[in-house]
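This report concerns only the one structure given below.
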Amino acid sequence: MEAKCKQEIIELHQFFQDWFRSKLEDSDHEFNRFARVLAQEFTMIAPSGSLNHREAILGMVRHGHGSWRERNGRIWIENVVTRWQDADMCLVTYEEWQENDELVTARLSTVLFRERFDTPHGVEWVHLHETWLPTAEA
């Protein structure tokens, strides 16, 4: 399960980069890659402290298609660590780094995954909590 979670984190963030840069078509088919990996009860605590539920997150990401088209935005993942695991759940931390127009930001994320066989890597995102990390500009 640990390897599945790591691959899911990396590939979903590649989806975000491609979605925001318009490398993916703005279609239900492409967007479904994201929508189907969020649990129905998915919640996210943003670095600002706001609590967001699945439908709000889906709406924000769907609306953001192409928002990085004019910028040279990129996302990468570092330091993926499994913190806890049982038969069908896994708690993982990772760093998400973003660069847009030479501004670099980073967040430390903790995600709770649950096994779900009909997703790309057999896991779904149940809860995500992000905290800003200090960064230095590129």
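The values are calculated or read from the model by the stated rules, or taken from the named source; none is laboratory data. None of these values were measured; they are calculated from a predicted model. Ideal geometry is used to build each Cβ from the backbone, glycine not excepted, and the neighbour counts take in all protein chains shown. The protein model used for the area step is the full one, side chains on, heavy atoms only, and it has no ligands, DNA or RNA in it. Shrake-Rupley method; radii C 1.70, N 1.55, O 1.52, S 1.80 Å.
Details
- Residue within segment 113-120 that is basic (Lys, Arg) and outside any strand (DSSP E or B) present: yes
- In segment 110-138, the residues that are farther than 15 Å from Leu51 by Cβ and polar (S, T, N, Q): Thr119, Thr135
- Being modelled with pLDDT of 95 or more, open to solvent by 40 Å² or more (accessible area, probe 1.4 Å) and either under 19 Å from Thr43 (Cα atoms) or among the hydrophobic types (A, V, I, L, M, F, W, C) (or both) is a description that applies to Leu108.
- From the options Asn72, Asn100, Asn79, residue that is among the polar types (S, T, N, Q), on the phi > 0 side of the Ramachandran plot and either open to solvent by 20 Å² or more (accessible area, probe 1.4 Å) or touching a residue at least 12 places away in the same chain (Cβ under 8 Å) (or both): Asn79
- Candidate set: segment 44-63, residues that are touching a residue at least 12 places away in the same chain (Cβ under 8 Å) and either over 15 Å from the mean Cα position of the chain (by Cα) or under 10 Å from His129 (Cα atoms) (or both); chosen: the one surrounded by the most Cβ atoms within 10 Å (Cβ to Cβ): Met44
- In segment 23-43, the residues that are surrounded by 14 or more Cβ atoms within 10 Å (Cβ to Cβ), more than 15 Å from the chain's Cα centre (by Cα) and of a type outside the set (A, V, I, L, M, F, W, C): Lys23, Glu30
- Among (1) in contact with a helix residue (DSSP H, G or I) (Cβ under 6 Å, 6 or more places away or on another chain); (2) more than 19 Å from His127 (Cβ to Cβ), the one test that Ile77 misses: (2)
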